[in-house]
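Structure first, commentary second.
Coordinate-derived values only; no laboratory data. Because the structure is a prediction, the values reported are computed rather than measured. For neighbour counting, all protein chains shown are included, and Cβ atoms are generated from backbone atoms with ideal geometry for every residue, glycine included.
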Amino acid sequence: MALQAAAPGPNEPRRRPAFLTRLTSGARRQAAKAQALTAGRLMTRLPVTAHADDTIVEAASVMARQQVERLPVLDEADRLVGLVTRRDLLQVLPRPDAEIRTEVIEDVLVRTLWLPARSIDVAVVEGVVTLTGHTERRSEKEIALAMAGRIDGVVGVVDHLTHRLDDTRLRDNEPQALHGVADDWQRRM
């Protein structure tokens, strides 16, 4: 009887045990979820959703960006009409990772940016492209990321690229830096 009287009521928040205050925020969330008695206390606060009229690529991009395996689908009135899973998307977008990787290297890096094929590391896992390495200019980095994201079968792009020169913020009163494939050749003249 004494334990029941000391316990919080059904509408009162439970007190946090003392050991939880010493944990990281992630560990505290996990511990709180472990003690949850209702679905409301267990659920993620802001659900990640898609609308029924979103394209498959848009839904896949949201899933990759938010790192979720399932995506509730809502209608025009924001009512739940279904659920899209990662497996559903992979069945619709069954392009092999090796094929996507080859296209990123050949079409984006070599043909468009004129970079050596091995200048940037390209990894593809379940349609998510990860670009790692160094570009000379920020504009090259942004082009590589944007073009990789538009390739069929790509569900997301992870950016691990760095750049030496930020050429997106050139001012009119600054002398223009040389731009193009023949920069080194022109500098030597």
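Annotation: extensible slack from Asp166 through Lys33 equals 43.5 nm (criterion: 0.36 nm per residue apart, minus Cα-Cα distance).
Once the C-beta distance of Thr55 and Val81 is scaled by a Förster radius of 22 Å, the resulting FRET efficiency is 0.85 to the nearest 0.05. So which GluC sites (Glu not before Pro) in the stretch 32-103 are both in a DSSP loop and have at most 10 other Cβ atoms within 10 Å of their Cβ? Those that pass, being in a loop and sparsely packed, are Glu69, Glu76. Full extension of the chain between Gln66 and Thr132 yields a length gain of 21.7 nm, computed as 0.36 nm times the residue separation minus the alpha carbon distance.
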